[in-house]
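Asker: Before I ask anything, let me first share the structure, which is written out below as structure tokens.
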């Protein structure tokens, strides 16, 4: 499935933003990990996550490709957590990427340690993974034309 979703370049003009949107191709793959044992030998396979049970983890891989003709400097890739899932702590990875999260539908992002939510009474409370709505990867290095970056995370189906 190709995800046209928000891919941003911070601090750039709208024209450059649109150019980056057109250049970045993001393909999302959702898989579930299956361990099969035959004759005492365990084999791990990844199968499409088309049928998932409550409590099962889904492994997501985002393949981010620069289909444009110029390098993309410090590209940002946002991904909403799928409905009925909860982010698995410390599962988001992306070599050469800085991670941040959102608890307000992708309006703002911060590191996991900095995320808070307002309360009706008293000071704001620290956000938990149950509150996460989005993940953001900011690539630290230019993504040259034709290059692909792999970003991953896991979410538990609820």
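All of the numbers you see were taken from the coordinates with simple rules; none came from a lab. Small disclaimer: the values here were computed from a predicted structure and weren't measured. Every residue, glycine among them, receives a Cβ derived from its backbone with ideal geometry; neighbour counts consider all protein chains shown.
Asker: Sort the following peptides by mean Cβ neighbour count (other Cβ atoms within 10 Å, averaged over residues), highest first: 44-51, 132-139, 98-105, 80-87. Don't skip to the end; give the middle numbers.
Answerer: On the way: 44-51: 10.6, 132-139: 20.9, 98-105: 16.9, 80-87: 15.2.
Highest to lowest by the protection proxy: 132-139, 98-105, 80-87, 44-51.
Asker: Separation between the residue 117 and residue 150 pseudo-spin-labels, each 7 Å from Cα along Cα→Cβ, expressed in nm?
Answerer: So the label points at residue 117 and residue 150 sit 3.3 nm apart.
Asker: For the pair residue 133/residue 47, report the inter-label distance in nm, with labels modelled 7 Å from Cα in the Cβ direction.
Answerer: Inter-label distance under the simple model: 3.4 nm.
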